[in-house]
Amino acid sequence: MTAWLQVALAVVMFLTTAIAGFIPLKLLRFLNKTQGDNKKRGRWLSLLSCFSGGVFMGTCFLDIIPHINENYEDFKVLSGTNFEFPLPQFFTCVGFFLVYLIEEICIKLRRWNSACITVRCRFSLVMEETANYAVAESSEGSLLKSLTFAVAMSFHSILEGFALGVQNTTARIVTLFISLILHKGVEAFSVGLQISKGNSNKLKAVIATILIYAMMTPLGSGLGTLLQMSNISRLHKDGAVLILESLAAGTFIYVTFLEVLAHEKDNEHNSLKQLLAIFIGFAVIAALQFAFGDHGHDGGHEGGHVHTLPLGFTTTPFVPH
């Protein structure tokens with residue numbers, strides 16, 4: 001019963017994420033038709049981009065990082081050891097540097113393959129939508145950076161799907177699903193906005209990228225189910241997921257501050273309205289976390305408090321003899 005429920009909810013998750021990701025396409029077309037003034041259109045695009053930056057910031061600092069810290073403590077309890085080295089923070093920085101490296105490699109490859117590119121430009125997420133957003137980069141580079149961005153966000157989506165795939169009771173599956181689908185709806189809109197802005201003239205590529213992104217959470221759910229059924233020890237499973245979660249946090253930090261917010265801070269639309277848009281995006285995630293942030297926690301059982309591990313497993317505290 002729970003297996004079929006997980007399959008059905010995974011399909012609903014895919015459809016919801018895809019629809020939310022496609023909304024910015026329609027929104028951008030609406031702005032192009034109704035906002036004839038390039039400056040006004042650029043201002044609206046900047047505010048929307050700031051909103052998405054706030055969403056990414058909230059997701060990182062209110063969702064991913066707190067879960068990583070809690071899961072690390074549970075991992076130490078499970079392993080019976082007390083690591084002094086800040087392992088999650090280390091791998092978060094590794095994730096940051098990894099995405100930075102990928103971006104720089106892509107720039108070098110574009111330069112090597114395109115002799116016409118003579119001036120290096122910032123490899124940002126925001127496209128040349130208006131004269132105020134003009135950047136000296138090729139259309140191929142715009143698509144390439146959007147794909148890099150989608151891969152980074154998909155990484156996190158797969159990890160979210162893991163949590164859904166390992167649940168074994170109807171109540172926990174439904175509770176986690178409600179939390180995920182609300183969060184994914186807001187996140188998918190922000191992801192779709194960043195991808196669509198960079199490639200509004202490449203409709204097929206945009207649709208394909210958003211569909212691939214939408215598939216990642218259901219894929220993670222399936223992988224989580226398979227991982228739970230495998231013979232790998234719980235300690236190794238949770239350790240691997242802890243590292244992956246930390247890497248995903250690093251990608252969020254890079255995308256939020258170096259790709260989205262840094263660009264908006266530098267453009268001519270910089271104002272208190274941008275700050276308000278960032279705060280609104282952050283507040284939406286904060287509200288969702290306040291309402292559904294405890295979906296992965298169970299109460300205590302007789303004999304000790306129960307810890308929820310990265311994959312949804314539970315264990316009682318390690319008591320040394």
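Worth pointing out:
- Ranked packing of 85-91, 158-164, 68-74, most packed first, by mean Cβ within 10 Å: 158-164, 68-74, 85-91
- Per-pair calculated FRET efficiency, R0 = 35 Å: ALA262 and HIS236 via Cβ, rounded to 0.05: 0.40
- Within straight-line cross-link reach of LYS197, lysines at Cα separation under 18 Å, skipping those fewer than 8 residues along the same chain: LYS26, LYS33, LYS39, LYS40, LYS145, LYS265
- Equivalent ellipsoid semi-axes - Cα gyration tensor, segment 194-257, angstrom: 31, 17, 5
- The gain in end-to-end length when the ILE19 to PHE279 segment is fully stretched comes to 91.2 nm, 0.36 nm per residue minus the alpha carbon separation.
- The label-point distance for MET229 and LEU211, in a model that sets each label 7 Å from Cα toward Cβ, rounds to 2.7 nm.
- Stretchable slack from THR170 to LEU5, in nm (0.36 nm times residue separation minus alpha-carbon distance): 58.6 nm
- If R0 is 45 Å, the Cβ-Cβ spacing of GLU70 and LYS33 corresponds to a FRET efficiency of close to 0.45.
Since every read-out is calculated from the coordinates, none of them should be taken as a lab result. Remember, it's a predicted structure, so these values are computed and weren't measured experimentally. Cβ: placed from backbone, ideal geometry, glycine included. Neighbour counts: every protein chain shown.
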